[in-house]
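Undergrad: Just dropping this structure here.
The values are calculated or read from the model by the stated rules, or taken from the named source; none is laboratory data. Predicted, not measured: the structure shown is a model, and the values here were computed from it. FYI the Cβ positions are ideal-geometry reconstructions off the backbone, even for glycines, and counts take in every protein chain you see. Heavy atoms of the whole protein, side chains included, go into the accessibility calculation; ligands, DNA and RNA do not. Shrake-Rupley method; radii C 1.70, N 1.55, O 1.52, S 1.80 Å.
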Amino acid sequence: MGISVSKKRSRLPKVEPQEVNYFGSIVPMFVYRIPPTLFILFLIFLWSSSTTIISGNSVHVCVSSRNLSYHYSLSAGANSSSETPASPVNGSSSCVGAHHLKYIIRKVASFVLENPLFTINFKNSIQKDKGEKFTNAVKDVEEQLKTHRSWISTNTSQTTCDGIGIYVYDLPPKFNKDLVGQCGDMLPWADLCQYFTNDALGQPIPNLGKCWYQTHQYSLELIFHSRVLKHPCRVYNESEAKLFYVPFYGGLDILRWHFKNVSNDVRDALALDLVKWLESQTPWVRNSGKDHVFVLGKISWDFRRNPNSSWGTSFLKLDQMQNPVKVLIERQPWEVNDIGIPHPTHFHPRTDEDVITWQLQIMRSDRKSLVSFAGAARPGSTDNIRSTLINQCTSAAAEKCTFLNCSSGGCEQPASLIGLFMESEFCLQPPGDSPTRKSVFDSLVSGCMPVLFDPFTAYYQYPWHLPEDHGKYSVFIAKEDVREMKVNVVERLMKFSMKERDDMRRYIVYELLPGLVYGDPSAKLDKFQDAFSITINNLLERASRLG
């Protein structure tokens, strides 16, 4: 028996459902003979697959992986002695329908009962294949990060442009300003208009001091646009530019449709209009968009809609969008032209003195708790480790771990969240709906050392703003070890000496912090580069090399 993996997409042959009372005969036998967990795994494979085929003594399952963004065809045969790519089968290309499911399960049950070694070999092969794919994928990511780091500019001045100009397209209002005008109707539970005041910084937060605002996590597009318009390298003649910035608020475009029952054609309409508009512009045609940049305030997956889903748009799947640089709060790790930059935090300094004052304040902060976790359990997600972390935290002594329950609204007030992080040595940062978390940057800006459980949360995301040596600013504990109860996170963190904590915090506060925050649009920073300056200087460096 062997299992092969290929990127070919199998198709479902036409089969006539047979009226068989398999629930009263075959399925009980199947469940009795096969371990429950493996049987459930089979059902998950079948239910979530785009195509499943039973032919002879082989089982073909075509699955879509969100993590790898590819389609894989798994073939299992009792008599195969080598790994052979599954061949596509002529017929319908539609997904497995409910009317085929009884037939498929019956055939799978019969196949497994006739091949008792199938369960063990199938499970072992899947695990081995998954490990190999992950290892190879990580190698690809690391190579791309090297490329991104090669673009890091040595220019620390915000006024030296070296003849490299930034041209800002004056887009029709429907691509940006009109979207902001719909702020009150984007989310059913919140009015976003309050967050888009003060150049999208939001309302001030007096309790945290000067330069603190109610900044929404999806405000990056507006913040970046405001800063680019005032950048000293901005040019008004496109012939003088090396970098072309397209101020499309794609994240806001997505938000307005997320929770509305509209077709995918409606969701994609504005993005298609934008591409059509750009194709009429001379600079775009000249280099096929290679010297263009988009800044998008949501995660990459929201712009790469799964064919079987209605979530998000297909903007970044368009052929025309493969050449430009896409700057996002979370990149797709296998797209070299996706670049991750920090989520906006609530701190927006205006001057060097603002930065220094905050640095001194958090270095003097009384860290009453060793560990803290601000979040909520995800009981519906079997892969999530949050419940385990919450149990470990709440079981520890009060001074060892503090839990802020976000499910009861405890995290909606930035002052409470930042206050917790300022009183904590370590902040637990498990993945949520996607690998990255805004909370990672909130903790860093508060001088709280983030504890990460997935390398995709930060290590494979932000090569321009976080160092290659991740141990300088974070602690990593594999989520598999937490899930399998091999480690108690609080007890592990107790082993760090006071000197180790102080050294890490000093590096975070004095080396990283200025480059993780977005300054006020009117900011005058001479000693420091903020997150925007680092990003724009590196984009200019890349543009200069296109030549």
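Undergrad: Enumerate the pairs (first residue in the range 247-262 and hydroxyl-bearing (Ser, Thr, Tyr); second residue anywhere and part of a loop (DSSP other than H, G, I, E, B)) with beta-carbon separation below 7 Å, excluding pairs fewer than 6 apart on the same chain, so at least 6 apart or on different chains.
TA: Note: pairs meeting the criteria are 249/176.
Undergrad: Separate question: Given the criterion surrounded by 19 or more Cβ atoms within 10 Å (Cβ to Cβ) and in contact with an Asp or Glu (Cβ under 7 Å, 6 or more places away or on another chain), identify the matching residue among 370, 389.
TA: Selected residue: 370, the only one of 370, 389 that is surrounded by 19 or more Cβ atoms within 10 Å (Cβ to Cβ) and in contact with an Asp or Glu (Cβ under 7 Å, 6 or more places away or on another chain).
Undergrad: I'd like to check something: does the range 332-348 contain any residue that is open to solvent by less than 10 Å² (accessible area, probe 1.4 Å) and over 19 Å from the mean Cα position of the chain (by Cα)?
TA: Yes, some residue in the range 332-348 is open to solvent by less than 10 Å² (accessible area, probe 1.4 Å) and over 19 Å from the mean Cα position of the chain (by Cα).
Undergrad: Taking into account only those residues within the range 504-526 that are within 15 Å of residue 358 (Cα to Cα) and among the hydroxyl-bearing types (Ser, Thr, Tyr), which is least open to solvent (accessible area, probe 1.4 Å)?
TA: 518
Undergrad: Let me ask something else. Among the residues of the range 302-321, write down those that are more than 15 Å from the chain's Cα centre (by Cα), without any contact (Cβ under 8 Å) to a residue 24 or more places away in the chain and surrounded by 15 or more Cβ atoms within 10 Å (Cβ to Cβ).
TA: Result: 317, single match.
Undergrad: State which residue pairs qualify: first residue open to solvent by 40 Å² or more (accessible area, probe 1.4 Å) and modelled with pLDDT of 90 or more and inside the range 142-157, second residue in a helix (DSSP H, G or I) and not charged (D, E, K, R) in any location, beta carbons under 8 Å apart, and separation of 6 or more residues or different chains.
TA: From the range 142-157, the pairs are 152/538.
Undergrad: Here's something else I'd like to know. Which of (1) out of contact with any strand residue (DSSP E or B) (no Cβ under 7 Å at 6 or more places or on another chain); (2) more than 30 Å from residue 545 (Cα to Cα); (3) not aromatic (Phe, Trp, Tyr) is the odd one out, the single condition residue 204 does not satisfy?
TA: Failed condition: (1).
Undergrad: Filter the range 276-301 down to the residues that are within 24 Å of residue 257 (Cβ to Cβ) and either part of a loop (DSSP other than H, G, I, E, B) or open to solvent by 10 Å² or more (accessible area, probe 1.4 Å) (or both) and list them by number.
TA: 276, 277, 279, 299, 301
Undergrad: Which is open to solvent by less than 50 Å² (accessible area, probe 1.4 Å) and assigned to a helix (DSSP H, G or I), of 171, 179?
TA: On the way: 171 fails: assigned to a helix (DSSP H, G or I).
Only one candidate passes the filter, namely 179.
Undergrad: Quick one: count up the residues across the range 535-547 that are in a helix (DSSP H, G or I) and open to solvent by 30 Å² or more (accessible area, probe 1.4 Å).
TA: Total satisfying the criteria: 4.
Undergrad: Has the range 451-462 got at least one residue that is touching a Pro at 6+ places or on another chain (Cβ under 9 Å), under 28 Å from residue 198 (Cα atoms) and open to solvent by less than 20 Å² (accessible area, probe 1.4 Å)?
TA: The answer is yes; a qualifying residue exists.
Undergrad: Are any residues in the range 182-232 buried (at least 22 other Cβ atoms within 10 Å of the Cβ), in a helix (DSSP H, G or I) and small (Gly, Ala, Ser), and if so, which ones?
TA: The one that is buried (at least 22 other Cβ atoms within 10 Å of the Cβ), in a helix (DSSP H, G or I) and small (Gly, Ala, Ser): 200.
Conditions (1) in contact with a Cys (Cβ under 7 Å, 6 or more places away or on another chain); (2) hydrophobic (A, V, I, L, M, F, W, C); (3) under 20 Å from residue 542 (Cβ atoms), marked per residue:
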{"site": "216", "(1), (2), (3)": "no, no, no"}
{"site": "219", "(1), (2), (3)": "no, no, no"}
{"site": "228", "(1), (2), (3)": "no, yes, yes"}
{"site": "234", "(1), (2), (3)": "no, no, yes"}
{"site": "238", "(1), (2), (3)": "no, no, yes"}
{"site": "241", "(1), (2), (3)": "no, yes, yes"}
{"site": "246", "(1), (2), (3)": "no, yes, yes"}
{"site": "251", "(1), (2), (3)": "no, no, no"}
{"site": "255", "(1), (2), (3)": "no, yes, no"}
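Undergrad: To continue, here is another question. Restricting attention to the range 486-535, report how many residues are out of contact with any helix residue (DSSP H, G or I) (no Cβ under 7 Å at 6 or more places or on another chain), among the aliphatic types (A, V, I, L, M) and in contact (Cβ under 8 Å) with a residue 60 or more places away in the chain.
TA: 3
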